[in-house]
Structures are given as C-alpha cells and as structure tokens.
Amino acid sequence: MKSLTEYLTFKVKTRRAFVNITSDITKLVSKSKIKEGLCLVNAMHITASVFINDNESGLHRDYEKWLEGLAPHEPTEQYDHNKTGEDNADAHLKRQVMGREVVIAITDGKLDFGPWEAIFYGEFDGRRPKRVLVKIIGE
Ligand code: ZN
C-alpha cells in the first residue's frame with residue numbers, strides 16, 4: 001500500500017470564510033501516484049471545517065446567513081464557553097454543523113466526485129494560521 005501525508009496551512013484574513021481547496025487536493029492526489037484508494041481531508045482545528053458542496057457564491061452567502069442564525073457571533077456573552085475568556089463559542093458550534101472532514105474515493109488516479117462537488121475549507125475563527133491534514137492511501 002502506498003500513502004501520502006501532507007499538511008496544508010491556511011491563514012484567512014477575516015473571521016469567517018470559505019476557501020475552495022479542490023485544486024490543492026487534486027495536486028496531492030497526482031503527487032501520491034495512487035490509482036485506487038481513499039483521500040481523507042480534515043481540519044485540525046476545532047473552529048474550522050472541511051466539507052464538500054457546490055462552488056457557488058450565492059450558496060456560500062446562504063451558509064453564512066444560516067450559520068449566523070443558528071449561532072450568532074454577537075453578543076459573545078450569551079455563550080458559556082466565552083466565560084473562559086475566549087470569544088469563539090459560535091465558531092465551535094458552526095464547525096460542528098459544517099463537519100470536521102471529508103473522505104473522497106480515488107478511482108483511476110482521480111478524485112471520484114459527484115456532479116458539482118468541490119472541497120472547501122470553512123473558517124469560523126480566522127486571522128491565524130490553521131492546518132488541514134490530507135492523507136491519501138491506496139495502490
Ligand atoms: Zn474556543
């Protein structure tokens with residue numbers, strides 16, 4: 001079995017953002033030279049997500065509105081977690097909803113996506129470097 005492990009670092013300038021990382025992952029699949037296998041991509045921070053969905057800006061604005069409705073950032077005093085001195089309780093909750101990781105099949109040397117699928121890094125407490133783990137295994 002072959003494997004490739006890489007860590008990508010993202011430093012988003014805003015508190016929240018969605019970053020399309022599909023091309024980063026595609027390059028790593030090529031680098032791995034694996035033809036049949038699995039590709040795991042996971043956020044290594046508990047206030048960021050990796051998820052798969054449509055690369056459509058309207059949908060991304062809808063996510064932002066929907067997540068702010070579920071877990072508004074302000075007022076920060078509404079959250080028990082923020083009594084520890086942090087202000088990112090909403091980011092933990094948003095991460096829980098958007099998920100930690102994705103696993104994508106590799107078929108014939110390529111990510112085997114469904115129609116319109118793309119991979120995103122979801123940042124909910126940005127402005128500092130955060131890592132994403134990519135592990136590819138197979139033959
Ligand atoms: Zn926190």
For this session: Taking only the stretch 92-127 into account, find how many residues are in a loop (DSSP other than H, G, I, E, B) and of a type in the set (A, V, I, L, M, F, W, C).
Result: 3
Exercise. So, in the stretch 96-115, of the ones that are open to solvent by 30 Å² or more (accessible area, probe 1.4 Å) and under 12 Å from the mean Cα position of the chain (by Cα), which residue ends up farthest from the ligand (Cβ to nearest atom)?
Worked result: VAL103
Exercise. Which of the residues belonging to the stretch 38-56 are closer than 20 Å to PRO115 by Cα and surrounded by 19 or more Cβ atoms within 10 Å (Cβ to Cβ)?
Worked result: CYS39, VAL41, VAL50, PHE51
Exercise. Can you tell me which residue in the stretch 12-32 is farthest from LEU111 (Cα to Cα), limited to those that are among the hydroxyl-bearing types (Ser, Thr, Tyr) and either within 16 Å of the chain's Cα centre (by Cα) or open to solvent by 20 Å² or more (accessible area, probe 1.4 Å) (or both)?
Worked result: THR14
Problem set entry | Residues of the stretch 48-101 that turn out to be closer than 22 Å to LYS11 by Cβ and among the basic types (Lys, Arg), as a count | 3
For this session: Please name all residue pairs, on different chains or six or more residues apart, with Cβ atoms under 8 Å, provided the first residue is in the stretch 38-60 and is more than 16 Å from the ligand (Cβ to nearest atom) and the second residue is open to solvent by less than 10 Å² (accessible area, probe 1.4 Å) and assigned to a loop (DSSP other than H, G, I, E, B).
Result: VAL41/ILE21; VAL50/ILE21
For this session: Within the stretch 68-95, count every residue that is within 20 Å of the chain's Cα centre (by Cα), open to solvent by 20 Å² or more (accessible area, probe 1.4 Å) and within 12 Å of the ligand (Cβ to nearest atom).
Result: 3
For this session: Filter the stretch 116-139 down to residues that are surrounded by 13 or more Cβ atoms within 10 Å (Cβ to Cβ), within 23 Å of LEU67 (Cβ to Cβ) and in contact with a Lys or Arg (Cβ under 9 Å, 6 or more places away or on another chain), then give me how many there are.
Result: 7
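The values are calculated or read from the model by the stated rules, or taken from the named source; none is laboratory data. All values derive from a computational prediction rather than experimental measurement. Cβ coordinates were reconstructed from backbone atoms using ideal geometry, including for glycine residues, and neighbour counts include every protein chain displayed. Heavy atoms of the whole protein, side chains included, go into the accessibility calculation; ligands, DNA and RNA do not. Shrake-Rupley method; radii C 1.70, N 1.55, O 1.52, S 1.80 Å.
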